[in-house]
Each structure stands twice: as structure tokens, then as C-alpha cells.
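What follows is calculated from the coordinates using simple rules that are stated; it is not laboratory data. The structure displayed is predicted, hence computed values, not measured ones. So basically every Cβ, Gly included, is an ideal-geometry build from the backbone, and we count neighbours across all protein chains shown.
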Amino acid sequence: MQPRIPRQSAQEPGGRPPVPTDNDARLSAELAAVVSGARRRAVRDGDRQIDTAHLLHSLLEGDPEVREIFDAEPQFSRLLGYLVQRSIGYGLRWQGTVEDSGAVPVVTEAEGFSPLAAGAMEYACARAARRGGGPARGIDLLAAIVVDPQARAVEVLGRAGIDAGAVFMQVDTRFQRSG
């Protein structure tokens, strides 16, 4: 039986760099676990592709550094509530649609990820490289998924009363201190 959300191949068509997968050496062990969790969540939710909201939910559950960013947010429990509700109705309007704002032209289509989520994964790897090498971490992916106002993760953050721009600034401040 084929998985509903296939794993990415080692080489993407058209000469594009490969989209990171759960076992990609460019990802920290924690981030690889986040990708696996997002994949399971997408399958469980009946979605065709992993989108940025799946990634955000998985980051909040599995990455202490990302969780620390949100622990100070008074709306954090509301955010978790929206993410949990996704599978029982809130996200149903997204089923069968592809998350793509058109603002991220780096990856036009990646099997298993929405175009926007695939671009975010690449951005996270590039951010890690700029930080001085080493694998991408959850904080890199968080920065990547909050920069596009059309991302489903940004919509969920907004509905919970959390400003995605402020989240990016917190992450960027950490990046500059660690870079």
C-alpha cells in the first residue's frame, strides 16, 4: 500500500535541489522528527500534502526551542486549540486545496509538501547554512513559515491573536545572537 503522502525522492525533477525529507542530513534529529510528525498529522487529517500549519503544530509539540518562543505568549493555549481543531473541522476548508501564495517561487511543486511548505523547508536549510553550517533546526523552520502572510500557519497564528511578524523578530534576534 502506498503512503498517502509520499516521501520525497533524493533528486527533484528540473534540477531543483531536493526538498528535505525526514532522514535528510541537512536536518537536526529534532527537525527530522518534526517533519515525520507533520507527515503523520497530514495523513490523519486526510490532507494530500504537508502544509505550514502541520509543520507549526509539529514544531510546537516537538521542539523545545520553538516552544520557548511561544511560552511567553498569553494566547499560546488558544493557538494550540486552533491547531487541534484543525482535524475536527477548522481545517476542512483547506482539504483538497494546495497551500501556495505564489510569493515563494523557489519550489513550485514538491511531492508530499505544499509548495509553500517545501519552500519553507529549503529556507530553513539555507538559514542554517548562513548560521555557520550544521543541520537546520526547528527555529530555522519557524522563521521560514512565518514570513509569508499567505501561509496557513500565519493564518492560524493570526486567529489566535499572535503576530507572525513579532514571532519572526524574536527568532531573528536569536539567530543574530547565535550566528
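Structural remarks
- Mean Cβ count within 10 Å, highest first, over the residues of peptides 51-63, 160-172: 51-63, 160-172
- Least to most buried among 122, 155 (fewest other Cβ within 10 Å first): 155, 122
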